[in-house]
Amino acid sequence: MEEIGFESKILHTPFEKKDAYNSLSMPVYYTAAYEFDTAEAMEEAFCGRTTDHAYSRITNPTVQYFEDRIQAITGALSVTAFNSGMAAISNMLMTIASSGCNIITSPHLFGNTYSMMKSTLGDFNVETRFCDLTNLKETENAIDENTCAIFLEVITNPQMEVADLKALASICHKKGIPLIADTTILPFHIFKAKDFGVDIEIVSSTKYISGGATSLGGLVLDYGTFDWNKSKKLSGMSKQYGNKTFTAKLRKEIHRNLGAYMTPQAAYMQTLGLETMEVRFNRQASTCLDLAERIKSLDGIERVNYTGLKDNPYYKLSTEQFGSKPGAMFTFDLTSRDACFSFMNKLKLIRRATNLFDNKTLAIHPASTIFGTFTEEQRKSMDISQKTIRLSVGLESAHDLYNDIKQALAR
Ligand SMILES: *Cc1c(COP(=O)(O)O)cnc(C)c1O
């Protein structure tokens, strides 16, 4: 039989071992530890010479099954699951960064990622260089011998900025640094990170993969594409591990020491979510494009920001990289902060909540919530406007959503 496609792989990845009871779905292995028949088998497992599970902070069959499915659909060299997107980001950063190094990124970042880099890593003498990543010259000039990576979000939230990924990847690889991308905003079948030169991919699986907002989770995918011999920190290890160097540092050290592995319950729910992700996304993204087009002409809406709209400044680049449906989230600007609060308070169907890509449509005013504790000056530097509403589009009918937006705009 020829190789099966994405939709089939998502459903039919085999278990590592046949289940003792022939369970059709992967059971939730709620256990901290695993028993061994002999001291010799125990030694083999603890020293990494067999793949037997020893302790659930390190591996667990239910979590591994979730990782295996992600690996099957992405072709990654390794996938590691964490108990949140932020745990995935912090584990990745601890793997590549060390005192005295710098990371190049955009000021357009998820709020906690910004704080993680600027404050948390700043305390450990890791510098974050905020650049305009859409300006390739500026970005290239910011790289020096202590730069350990370029990190970015593929469509920034909520600014919706899009950088030229292939161009950034070629700068990175010329300079001997990895390109690391947070791709939470797009599912794997829409954006194939490896094809654009991304070496390490980060996903908050809380979002599209979980779907029903049932659980938190995060993923680090290593495509095995970067030559770690060029890394100041990891070149020593690369003699032994070659293109598996990042994975070895992460799995054998950082992830064990930080102890933020995904729980089996979350892995079970997210494995279920993964099975329907493609179908959900395709519908949510269609509704999103439809709504973004239709609400433009409503009274009180100054601007709609979705990179799938032809008048968006990133339309061409976004279409080249992500196709015609670049995600199921868009923002729109009203006339003032007061107008935004009034709109939020009048919503009847759309829920007032953070989170993205739930089955239900969610609205939030980012400036007063996600970025509420930042100073106005910081918000300005991150292009966070008091006039912006963010909408994550769910599975309701476009008609009902349009009507709710229309009635909530009425003053
Ligand atoms: C939500 C989100 C995160 C953080 O993920 P959690 O699962 O909430 O920890 C990181 N990056 C992006 C782009 C996100 O949307």
* **Filtered residues of the stretch 211-226 (kept if buried (at least 24 other Cβ atoms within 10 Å of the Cβ) and either over 22 Å from PRO158 (Cα atoms) or of a type in the set (S, T, N, Q) (or both))** => VAL220, LEU221, ASP222, PHE226
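Here is a yes/no grid of residues against (1) within 18 Å of ALA292 (Cβ to Cβ); (2) in contact (Cβ under 8 Å) with a residue 40 or more places away in the chain; (3) within 16 Å of the ligand (Cβ to nearest atom):
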{"site": "ASP338", "(1), (2), (3)": "no, no, no"}
{"site": "ILE350", "(1), (2), (3)": "yes, yes, no"}
{"site": "ALA363", "(1), (2), (3)": "yes, no, yes"}
{"site": "THR369", "(1), (2), (3)": "no, no, yes"}
{"site": "SER392", "(1), (2), (3)": "yes, yes, yes"}
{"site": "ASP400", "(1), (2), (3)": "yes, yes, no"}
{"site": "ASP404", "(1), (2), (3)": "yes, yes, no"}
{"site": "ALA410", "(1), (2), (3)": "no, yes, no"}
* Structure fact -> Going through the stretch 194-210 in order, the residues found to be away from the ligand (no atom under 11 Å from the Cβ) and either among the charged types (D, E, K, R) or surrounded by fewer than 24 Cβ atoms within 10 Å (Cβ to Cβ) (or both) are LYS194, ASP195, PHE196, GLY197, ASP199, GLU201
* Asked: Are there any helices (runs of 4 or more DSSP H) wholly within the stretch 79-192 with 2 or more residues that are surrounded by fewer than 19 Cβ atoms within 10 Å (Cβ to Cβ), and if so which?
  -> 111-115, 136-142, 165-175
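Name the residue, out of ASN135, ASN146, that is among the polar types (S, T, N, Q), under 20 Å from PRO313 (Cα atoms), away from the ligand (no atom under 15 Å from the Cβ) and out of contact with any helix residue (DSSP H, G or I) (no Cβ under 8 Å at 6 or more places or on another chain).
Result: ASN135 is the single residue among ASN135, ASN146 that is among the polar types (S, T, N, Q), under 20 Å from PRO313 (Cα atoms), away from the ligand (no atom under 15 Å from the Cβ) and out of contact with any helix residue (DSSP H, G or I) (no Cβ under 8 Å at 6 or more places or on another chain).
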* What number of residues in the stretch 370-399 are over 16 Å from MET160 (Cα atoms) and loosely packed, with under 14 Cβ neighbours inside 10 Å? -> 7
* If you take the residues in the stretch 212-228 that are in contact with a Phe, Trp or Tyr (Cβ under 8 Å, 6 or more places away or on another chain) and assigned to a strand (DSSP E or B), which one is nearest to the ligand (Cβ to nearest atom)? -> GLY218
* Asked: So which residues in the stretch 47-66 are among the aromatic types (Phe, Trp, Tyr), under 15 Å from LYS252 (Cβ atoms) and touching a helix residue (DSSP H, G or I) at 6+ places or on another chain (Cβ under 6 Å)?
  -> none
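No lab work stands behind these numbers, since they all come straight from the coordinates. Because the structure is a prediction, the values reported are computed rather than measured. Heads up, the Cβs are rebuilt from the backbone with ideal geometry, glycines too, and the neighbour counts pull from every protein chain shown.
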